[in-house]
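These notes concern the structure reproduced below.
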Amino acid sequence: MSFFGFGQSAELELVLSDAESRRRVEHKTEEGKKEKYFLFYDGETVSGRVVLTLKNPNKRLEHQGIKVEFIGQIELYYDRGNHHEFVSLVKDLARPGEFTQSQTFDFEFTHVEKPYESYTGQNVKLRYFLRATVSRRLNDVVKEMDIVVHTLSTYPELNSSIKMEVGIEDCLHIEFEYNKSKYHLKDVIVGKIYFLLVRIKIKHMEIDIIKRETTGTGPNVYHENDTIAKYEIMDGAPVRGESIPIRLFLAGYELTPTMRDINKKFSVRYYLNLVLIDEEERRYFKQQEVVLWRKGDIVRKSMSHQAAIASQRFEGTSSHGEAKTPSQPSENNGRQ
């Protein structure tokens, strides 16, 4: 941070006040790697300190001010130049002046609203981060630290099952049933497939979990389908009157909650895709949307007071939580 080797150079460090006790979780980076970040919930206070360390003793550091920011932003990969900020908080830590020795500045962002869950997808990234800046004439000194936000949801008692009939006239008629239409991320999908009419030779049947990421609006809408899981539920030809059980554990897959029209920039939806393949390799499918949501973890002593409140909201022990009712799932039917 010095000019041609002369003058003072400095570096910044961001340290959270509860770094030792705060939980850390894995989160996928844009490169597809998994790294651990500090976990926060909506409404929690973000506090800590900015440590400014001078590299050259006995030399002064001139600056035009020091600040720390808390930012939530959405970045669409096809529009890299524009960052859409939905949270932007600033704290000024020092007025313009000069330093002759290292300094530490405390900061606190109280009860910060964090309305969306952190997300890294194929075409979009939603991130929260702290950024400390020492403003200088030639080159600013900047340090960023990402955090991860999880959104806890609460649903009403009503969680109806999904029951449908699908088929091809005079050839195939099946009925499938899933026990619920909304599942938390560690849930188990339980269901049954009933064969009412079988006049084609089916050799294989599977159920897929498909994640559909939609970004952009109007003419610049991009749809990206990703098959998260393929689960074989039958191998061989079924007969009329037979039923096939389904038990699919979600905990083993990398899933996020369903996200609908996040800041009018993107959506993430999940579908169960029932696929039948006959002996001529023709594929018959029935797609059904399901809603995924994040259930509150057990409150641990290491969790902060605000995180405990967030978990209580889910459990319904606090009157501050509102029940969020997702829209009705859509149906898609077809043949490939």
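Pairs, please: C-beta under 6 Å, at least 6 apart or cross-chain, first residue in the same structural domain as F249 (by the TED database) and in the range 166-178, second charged (D, E, K, R)?
What qualifies is V166/K286; C171/R199; E175/E165; E177/K163; E177/K192.
Restricting attention to the range 26-48, which residues are modelled with pLDDT of 90 or more, over 30 Å from R136 (Cα atoms), open to solvent by less than 60 Å² (accessible area, probe 1.4 Å) and part of a loop (DSSP other than H, G, I, E, B)?
Once the filter is applied, which keeps residues that are modelled with pLDDT of 90 or more, over 30 Å from R136 (Cα atoms), open to solvent by less than 60 Å² (accessible area, probe 1.4 Å) and part of a loop (DSSP other than H, G, I, E, B), the range 26-48 yields Y41, G43, E44.
Scan (1) modelled with pLDDT of 95 or more; (2) part of a strand (DSSP E or B) for the single condition E75 breaks and write down its number.
(1)
Check F70, F107, F86 and return the single one that is touching a Gly at 6+ places or on another chain (Cβ under 6 Å) and modelled with pLDDT of 95 or more.
Details: F70 fails: touching a Gly at 6+ places or on another chain (Cβ under 6 Å); F107 fails: touching a Gly at 6+ places or on another chain (Cβ under 6 Å).
F86 is the lone residue from the list that is touching a Gly at 6+ places or on another chain (Cβ under 6 Å) and modelled with pLDDT of 95 or more.
Please specify each residue of the range 119-134 satisfying the condition of being closer than 26 Å to T258 by Cβ and open to solvent by 10 Å² or more (accessible area, probe 1.4 Å). Break it down into steps so the answer makes sense when it comes.
Narrowing the range 119-134 to residues closer than 26 Å to T258 by Cβ: 119-129.
Across the range 119-134, the qualifying residues are T120, G121, Q122, N123, K125, R127.
Only one residue in T53, T100 is free of Cβ contacts under 8 Å to residues at least 60 places away in the same chain and open to solvent by 80 Å² or more (accessible area, probe 1.4 Å), so which one is that?
Numbers: T53 fails: open to solvent by 80 Å² or more (accessible area, probe 1.4 Å).
Just a single option satisfies the conditions, and that option is T100.
Only one of (1) under 30 Å from S9 (Cα atoms); (2) more than 28 Å from the chain's Cα centre (by Cα); (3) part of a strand (DSSP E or B); (4) not basic (K, R) is not met by L138, so which one is it?
(3)
Here is a list of conditions, (1) under 28 Å from I210 (Cα atoms); (2) outside any strand (DSSP E or B); (3) open to solvent by less than 20 Å² (accessible area, probe 1.4 Å), and V112 meets all of them except one; can you say which number that is?
(1)
When you check R23 against the structure, is it touching a strand residue (DSSP E or B) at 6+ places or on another chain (Cβ under 6 Å), farther than 27 Å from W293 by Cβ and open to solvent by 80 Å² or more (accessible area, probe 1.4 Å), yes or no? Working first, answer last.
Working: touching a strand residue (DSSP E or B) at 6+ places or on another chain (Cβ under 6 Å): yes; farther than 27 Å from W293 by Cβ: no; open to solvent by 80 Å² or more (accessible area, probe 1.4 Å): yes.
No: the conditions fail for R23.
Out of all the residues in the range 141-176, which are open to solvent by 40 Å² or more (accessible area, probe 1.4 Å) and modelled with pLDDT of 90 or more? Let's see the steps before the verdict.
Filtering the range 141-176 down to residues open to solvent by 40 Å² or more (accessible area, probe 1.4 Å) leaves 142-144, 146, 155-161, 163, 165, 167-171, 173.
If the condition is that a residue be open to solvent by 40 Å² or more (accessible area, probe 1.4 Å) and modelled with pLDDT of 90 or more, then V142, K143, E144, D146 are the ones that fit.
S135 fails exactly one of the following numbered conditions: (1) within 13 Å of V68 (Cα to Cα); (2) at pLDDT 95 or above. What is the number of that condition?
Against the list (1) within 13 Å of V68 (Cα to Cα); (2) at pLDDT 95 or above, S135 comes up short only on (2).
Residues to consider are E85, E69, E11; find the one that is of a type in the set (D, E) and surrounded by fewer than 14 Cβ atoms within 10 Å (Cβ to Cβ). Break it down stepwise before answering.
Working: E69 fails: surrounded by fewer than 14 Cβ atoms within 10 Å (Cβ to Cβ); E11 fails: surrounded by fewer than 14 Cβ atoms within 10 Å (Cβ to Cβ).
Of the residues listed, the single one that is of a type in the set (D, E) and surrounded by fewer than 14 Cβ atoms within 10 Å (Cβ to Cβ) is E85.
Output the residue which, of all residues in the range 227-258 that are open to solvent by 60 Å² or more (accessible area, probe 1.4 Å) and touching a residue at least 60 places away in the same chain (Cβ under 8 Å), is nearest to T29 (Cα to Cα). Even if it seems obvious, please write down each step before you answer.
Taking the range 227-258 first, the residues open to solvent by 60 Å² or more (accessible area, probe 1.4 Å) are 227, 230-232, 235, 237, 239-242, 245, 247, 249, 252-254.
When the remaining residues are screened for being touching a residue at least 60 places away in the same chain (Cβ under 8 Å), the result is 249, 254.
On the way: F249: 25, E254: 13 Å.
Selected residue: E254.
The values are calculated or read from the model by the stated rules, or taken from the named source; none is laboratory data. What you see is a predicted model, and the numbers here were worked out from it, not measured in a lab. Cβ: placed from backbone, ideal geometry, glycine included. Neighbour counts: every protein chain shown. Calculation scope for accessible area: heavy atoms of the full protein, side chains included, ligands and nucleic acids excluded. Shrake-Rupley method; radii C 1.70, N 1.55, O 1.52, S 1.80 Å.
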